[in-house]
Amino acid sequence: MKHTKNTKSFASRWGFILASVGSAVGMANVWGFPNKLGSNGGGAFLLIYLLFVFIFSYVGLPAEFAMGRRAATGTLGAYENAWATRGKGAGKAGGLLGWLPLAGSMCIAIGYAVIVTYILKALVDSLLGTLMTADTAAWFGAFSGTPYSVIPYHIVVVVGTLLTLFLGAHSIEKTNKVMMPLFFLIFLVLAVRVALLPNAAEGYLFMFTPRWEALTDPMIWIWAMGQAFFSLSVTGSGMIVYGAYLSKDEDVVGVAQHTALFDTIAAVVAALVIIPACFSYGLDVGAGPSLLFVTLPTILQDIPLGRLFAIILYVAMIFAGVSSLQNMFEAVAESLMHKFPKLSRTAVLVILCVVCLGFGIGMETIDKWGPWMDLVSIYIIPIGATLGAISWFYVMKKDELLDAVNTGSGKLRGSLWYSVGRYVYVPLAVILCCVALFMHVAF
């Protein structure tokens, strides 16, 4: 299948990094990170999280970028390509295995689109001013508990995001060059505003003062590891497709570490907004989705220019949500075009639109959305991440993987890099997968 050049590659290194950061920055940063930080020992959790981010951005994320670039396509082709180093039959098995993490990308997209729909509803109600006078819990409960109450917003989110994918890598890069700098700028403005709230200092102390006894709790290590996996989008699928659009002149470890750096800054800045604000108002940091739709609007109602800051907040969240959705949809679109060469990009995007809205509209209530996202996060994402890790570091031939990682690199990675992947990264992925499954069965 023929593609124009600009649909198949990012035009610049920073375009690629910003698109990757856009994929990584999302709900995992804005409510997931403050939530986990708040309920798992504050500063101690932060230190453990940073350790795992360092490991995963050194081996896991570069391996996914490298495999996408080597195969010059997304998930299905990358798995087939990796397994084919062991023979043609193994390649076919790898291609079949790739459907599972790819299905994970689609399942996350279906659920994720619902929460971005809620954010669009909050943005519109902030613009209209109705959110500034409402009882936020009743307002959120009214639409999140009523089936089919946000369908127009849902259609706008899904169709709007898919339209940004029409030119492939070119349009992903263009939109993220606008959305990501604005996201950081907006959250910095909000962080400065929150710093002026009474008792905000208590929140900073909580965030940056390690409770060392928390380091002895194995579950805090598990939560931090899971947060690092999901925050960096190391799912065995999504980042592979961006790697397919990466120039062979780029060092995958370098761009992965830049991606991780900006993703971590985004998470910390989000926490600098949310945790001090919650401490100032005596509210629960670990409130999950209601943090965005009940807690923060309550605070914004109470401060000068609250309506303006509400609009600013939800615009930033739209950027974070859409940039993550772009990656999930593109992972599926590129793989389908690779597998079925007669399908045009337009046809694939229409199929994705129908599937996402067909399944998603029935999931617009929290009681349906919650179990769906639990299923995805407990089973599909950890299993996908584990399959990817095992495929790159145990199935694929070592010299072939190192060749893929070292393409475009000024600094050659050898046995040390490979050993960290094989004996640290893969066991961590397997442990996370097993613990997630055990916790679901046990509780």
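The values are calculated or read from the model by the stated rules, or taken from the named source; none is laboratory data. The structure displayed is predicted, hence computed values, not measured ones. Positions of Cβ are backbone-derived with ideal geometry, glycine not excepted, and every protein chain shown enters the neighbour counts. These area figures cover heavy atoms from the full protein model, side chains too; ligands, DNA and RNA do not enter into them. Shrake-Rupley method; radii C 1.70, N 1.55, O 1.52, S 1.80 Å.
Summary table
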{"quantity": "Within the accessible area of segment 311-366 (1.4 Å probe), percent carbon and sulfur", "calculated": "81 percent"}
{"quantity": "Segment 70-112: relative contact order in percent, alpha carbon pairs under 8 Å with at least 6 residues between", "calculated": "33 percent"}
{"quantity": "Alpha-carbon gyration tensor eigenvalues x 5, square-rooted, for the chain, Å", "calculated": "34, 25, 20"}
{"quantity": "Calculated from backbone phi, Karplus (6.51, -1.76, 1.60) coupling profile of segment 35-51 in Hz, x at Gly/Pro", "calculated": "4, 5, 4, x, 9, 9, x, x, x, 5, 4, 4, 5, 5, 4, 4, 4"}
{"quantity": "Distance in nm between pseudo-label sites at residue 215 and residue 88 (7 Å out along the Cβ direction from Cα)", "calculated": "5.5 nm"}
{"quantity": "For the chain, accessible area per residue (1.4 Å probe, heavy atoms of protein chains only), Å²", "calculated": "38 Å²"}
{"quantity": "Whole-angstrom Cα spans of segment 71-116 along principal axes, big to small", "calculated": "43, 18, 8"}
{"quantity": "Solution diffusion estimate, µm²/s, Stokes-Einstein, segment 299-411, Kirkwood Rh from C-alpha pairs, 4 °C, viscosity 1.567 mPa s", "calculated": "70 µm²/s"}
{"quantity": "Whole-angstrom gap from segment 380-434 to segment 342-365, using each part's C-alpha centre", "calculated": "32 Å"}
{"quantity": "Rounded Å value of the spacing that divides the Cα centres of segment 97-159 and segment 36-72", "calculated": "27 Å"}
{"quantity": "Whole-Hz couplings from phi, Karplus 6.51/-1.76/1.60, listed for segment 430-438; x for Gly and Pro", "calculated": "5, 4, 4, 4, 5, 5, 4, 5, 4"}
{"quantity": "Most mobile listed residue (329, 166, 393) in the chain, GNM with C-alpha springs under 10 Å", "calculated": "166"}
{"quantity": "Carbon and sulfur %, accessible surface of segment 50-98 computed with the full protein complex present, 1.4 Å", "calculated": "66 percent"}
{"quantity": "Percent RCO, i.e. relative contact order, over the chain, from Cα pairs under 8 Å lying at least 6 residues apart", "calculated": "36 percent"}
{"quantity": "Charged-residue dipole, Cβ positions (Lys, Arg, Asp, Glu), the chain about Cα centre, Debye nearest 20", "calculated": "1440 debye"}
{"quantity": "Phi to ³J(HN,Hα) by Karplus 6.51 cos²θ - 1.76 cosθ + 1.60 over segment 80-96, Hz, x for Gly, Pro", "calculated": "4, 5, 5, 5, 5, 5, 9, x, 5, x, 5, x, 5, 5, x, x, 5"}
{"quantity": "Cα→Cβ-extended label distance, 7 Å offset, between residue 416 and residue 397, nm", "calculated": "2.6 nm"}
{"quantity": "Listed residues 337, 219, 317, most fluctuating in the chain (Gaussian network, C-alpha, under 10 Å)", "calculated": "219"}
{"quantity": "Normalised contact order of segment 199-303, rounded percent, pairs of Cα under 8 Å and 6 or more residues apart", "calculated": "45 percent"}
{"quantity": "Span from the segment 310-328 Cα centroid across to the segment 226-297 one, whole angstrom", "calculated": "12 Å"}
{"quantity": "Apportionment of accessible area to carbon and sulfur, segment 167-254, percent (1.4 Å)", "calculated": "72 percent"}
{"quantity": "Of 177/339; 88/398; 92/248; 88/342; 88/339, pairs whose Cα-Cα distance is over 19 Å", "calculated": "177/339; 92/248; 88/342"}
